[in-house]
Every structure is written in structure tokens, then in C-alpha cells.
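See structure below.
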Amino acid sequence: MVTTLTGEQLEEVKQQAAEHFWPHARQAGNVSEDTGLKVVTDAQGVWVNDAAGEPWFDLISGMFLKNIGHGRKEIADAVYEQMQGISYSPGGTVTPATAQLAARIAGLAPDKDSRIYFVSGGSEAVETALKMAKQYHNNNGEAGRWKVLSRKGSYHGATHACMSLGQSGGAVAQIGPLMPGNIHVPQCDTYRGDCALESAKEIERAIEHEGPETVAAFIGEPISVAAGVHVPHPDYWPAIREICDKHGVILICDEVITGFGRTGKMFATEHWGIQPDITTVAKALTSGYLPIGAAIARKEIADAFIGEEESTFRHLITFGGNPASCAAGLANLDIMEGEGMVENSAEMGDYLYERLQTLYEHSIVGHVRGGMGLLAAVEIVKDRDAKEKFPKEAGLSDKLTHHFNQNRILGRGQDVIPISPPLCITRDEVDDLVSRLDDAIGKTESELGV
């Protein structure tokens, strides 16, 4: 359905947004043409149309979630049909859609006997996994295990506990002190550091320093977008799995972004043949058509909460397992699997990575990362040889954002440009995207006087 606004209606919407809408992670009140919020009305595939009918390229799939693309009526139909029957399941009940989606996810997960704990989104999935890991140890007589290891610069969500993991983003300093018991280890970095065995050994050193009997879990994204999309060495994750097993530490893999086809596999951990103890997912489980999230616990973990009444996981999320969201999830997976979108992610991801190499023609392009599905990044630097970043006063972000707008790109104009288009992208659309990026980076380079 295309929403057409008259000029008067558009101005009214902008006024309402300016006066009453508080956007996430940005200043409120700005609806200006170049730097403000854009009013969008409809979308299809990789394209999002503004109120004037102008198509914009969705560079990061909304917020790393529109995996099957925009505008799939099948999802709306499935949700409508579900809500005509039952739209919420009271306590002590479960709807067929919820049970079916749990079984469907388990069938796709590394452990086919997993249990699925549904929540409303990624932050709740991570919070759930943390509590699950700590209570797992408590149920097994090791109540002293309460510390959690994470990597510096990672992003695991916006709640207070999640922000304590990795401490990514400038907002952390404004809301401290953070949750105690969070131990931070070096981030995986293929450009300025290490992303192989030595990096994995930092995790073991931290566990041994804290005392294994005090450590509940280690959490990490298979590929961290917040930290710059560094694809790790093939030995990195198997080494971490071995370290966690050696010290009795729960391994939580945060696949909120990488799950459901983003890396050319249904789950990113499949690339390294590892089985996490708990996997967190959200975003692409419904491709953003409705809110959802889940913690996928392998059988050994889930079974620890069955038996004595005291073992029960007394954790409750109001909209966890909502039947409408689960119906959307089932329809989403039908499309994803039926149309071979995971395979397309692998194929188009290789082509995208190849095409992005042409951006090295610009001296400010320091590093192109990717090669594992439709997840890539281009890092902009002042000096390629020294890998030196531009100082804040250079205004890189403002300049790049301006040229993104000129090229009708919806994305993040920053020193590390994340690239994560919908999995339905075609070869021609990859060419179109790289052409737009090339123009935006070239004009930014000229303005920077490099």
C-alpha cells in the first residue's frame, strides 16, 4: 500500500514529528532537508520511498533486519490471519504459531534439540541469556559464577546490563556506573590488531585472572558490526569454544545481527562448526515486520531448568512468544528458505566484496572488509599507510552524510561505513549501490582536500 501525502499533509507530519517525536539516538526536532529526519511512506525490496516518491537505497536493511526486503505482503497476510484468531496467549497457554516457530528455529539451530525462549527484541534476548547462564550455574551448585566476559567496543543492546557489555558508544559515560561483574577483553581487529589465536587467548587469560569459579559466561558477536565488521581467523571461534569448555564457562553467541542468513549461512557460527551454549537472535527472525527476539538454549542448558521447583527459570517478558509476531516469523522463514535468500546472501556477498575493492581508488579508503555474506564495511582514514583516522574537526561524518543524501543512500555516514543490504539484492542493485558509494566517497574526499 502506497501512502500519498499532499503538500499540506506532509508539512503537518513534519511539524508533528518536530514537536512530539523523540527519535532514537539523535537530537529531536530536526526535520530539515539535509540533516533531519526523512518522512518515508512505502518500500519494496532494497528501496525505501520518501514522501515525494523518491527511492532511497537501504544500505543497512533498516537496522540490520530487513533480510527478506521491504514490502512483502505475505507477512501482513499471515499476521492478519493470526490476529483474527487469537492475538495474545494468556499465562499458562501457548498458540500453535508459537510452538511451531520454536520447533522451526530449533530445526535450523546447531543443536536440533534446543529450546527457544521468546522475548520482544535483541536487548531482551541478551538480558535473558545472561540471566539464563548465571542461573544455570546456580542450578548446578556453582552460585559463585556471576561474572561475564565481553569484548571492548561490542554492542549487545541498549538496556543497562547490555550497555555494560563491551561498553560501546558514547552514551555509556553519561549513565554510569554500569553493572558490576563485567570483564572486558580486547576486541577482534583484522586492521589494526589481531583476530586469531592470540586474540582468543586474551579471553582465557581473563578467565584465569578472575578465577574460573567466578565466571559465568563469555558473550560475543560472531562478527561485530559495532566494532567494525572484522571477519575473524578460522581458528578464532573454535579456540574460544575450547577455552569455554575447559573452564566451564557458558558460551553465548549474539547473532541478533548475523543470524538468519546475513553471513551466507543461516547462523554465522556454522562457518566455524561451533555450537554455542546460548544463541541470541531477534531482528531478521521476522525481518523487522514485527518485534521479536529469542534466546536459543541447547538441550544441556535448557534441561538444567527442569525438575525441582527451585530450578524454574522465573523470567517473564510480556510480549515474548506473541502469536502475531510468531506468525510473522514463520512466514518470514518460508520466504527466506523458499526463495533461497541465504544462498543469495553468500553469492551476492562475494560479488559485493569484489566490487567494493574498486573503492580503493580513493586515497581515504583505508580498508574494505567483508567476504562473508552480505555484511561488509569500508573504513575511511586520513592516512592509509599510517591507518590514521580523521580528527573530529575535519567534519567527516557531516560531509559523508551530506553526500549519502545526495546519492539517496539511507545509511551511516561515519569513518566505518557498515554495508548490510537486504538479502534479496540483485547483481544490478549491487552495482548501483557501489556506484552511489563511489560517488559519495569521492566527493567527500574532494571536500576534505585529500
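Quick notes
- Selected residue [modelled with pLDDT of 95 or more, among the small types (Gly, Ala, Ser) and touching a strand residue (DSSP E or B) at 6+ places or on another chain (Cβ under 6 Å)] from ALA295, ALA239: ALA295
- Lone qualifier among ASP254, ASP245 - being touching a His at 6+ places or on another chain (Cβ under 6 Å) and assigned by the TED database to the domain that holds GLY121: ASP254
- Output for region 161-181, where each listed residue is within 21 Å of the chain's Cα centre (by Cα) and surrounded by 14 or more Cβ atoms within 10 Å (Cβ to Cβ): ALA161, CYS162, MET163, SER164, LEU165, GLY166, GLN167, SER168, GLY169
- Region 65-76 residues that are modelled with pLDDT of 95 or more, paired with ones that are of a type in the set (Lys, Arg) (beta carbon under 7 Å, 6 or more apart): LEU65/LYS283; ASN67/ARG262
- Checking VAL119 against (1) farther than 30 Å from THR93 by Cα; (2) among the hydrophobic types (A, V, I, L, M, F, W, C); (3) surrounded by 21 or more Cβ atoms within 10 Å (Cβ to Cβ), the condition it does not meet: (1)
- Only listed residue being acidic (Asp, Glu) and free of Cβ contacts under 8 Å to residues at least 60 places away in the same chain, chosen from GLU213, GLU208, GLU142, GLU221: GLU208
- Annotation: TYR155 fulfils all but one of (1) part of a loop (DSSP other than H, G, I, E, B); (2) touching a Lys or Arg at 6+ places or on another chain (Cβ under 9 Å); the unmet one is (2).
- The set of residues in region 91-115 being surrounded by 20 or more Cβ atoms within 10 Å (Cβ to Cβ) and within 15 Å of ALA327 (Cβ to Cβ) consists of THR95, ALA97, THR98, LEU101, ALA102, ILE105.
- Taking the criterion of being surrounded by fewer than 20 Cβ atoms within 10 Å (Cβ to Cβ) and β-branched (Val, Ile, Thr), the residues of region 39-90 that qualify are VAL39, VAL40, THR41, ILE86.
- Cβ pairs under 7 Å, 6+ apart, first in region 1-27 and free of Cβ contacts under 8 Å to residues at least 60 places away in the same chain, second in a helix (DSSP H, G or I): LEU5/VAL13
- Selection of region 277-309 for residues being acidic (Asp, Glu) and in contact (Cβ under 8 Å) with a residue 60 or more places away in the chain yields only ASP277.
- ILE274 under 27 Å from ASP303 (Cα atoms) and either without any contact (Cβ under 8 Å) to a residue 40 or more places away in the chain or in contact with a His (Cβ under 7 Å, 6 or more places away or on another chain) (or both): no
- Filter result for ILE409 (of a type in the set (A, V, I, L, M, F, W, C), farther than 26 Å from ARG72 by Cβ and at pLDDT 95 or above): no
- Looking across region 157-201, the residues that are closer than 17 Å to CYS244 by Cβ and touching a Cys at 6+ places or on another chain (Cβ under 6 Å) come down to CYS188, SER199.
- Restricting region 251-283 to residues that are of a type in the set (Gly, Ala, Ser) and more than 25 Å from VAL148 (Cβ to Cβ) leaves a set whose member that is surrounded by the most Cβ atoms within 10 Å (Cβ to Cβ) is GLY261.
The values are calculated or read from the model by the stated rules, or taken from the named source; none is laboratory data. Quantities reported herein were computed from a predicted structural model and do not represent experimental measurements. FYI the Cβ positions are ideal-geometry reconstructions off the backbone, even for glycines, and counts take in every protein chain you see.
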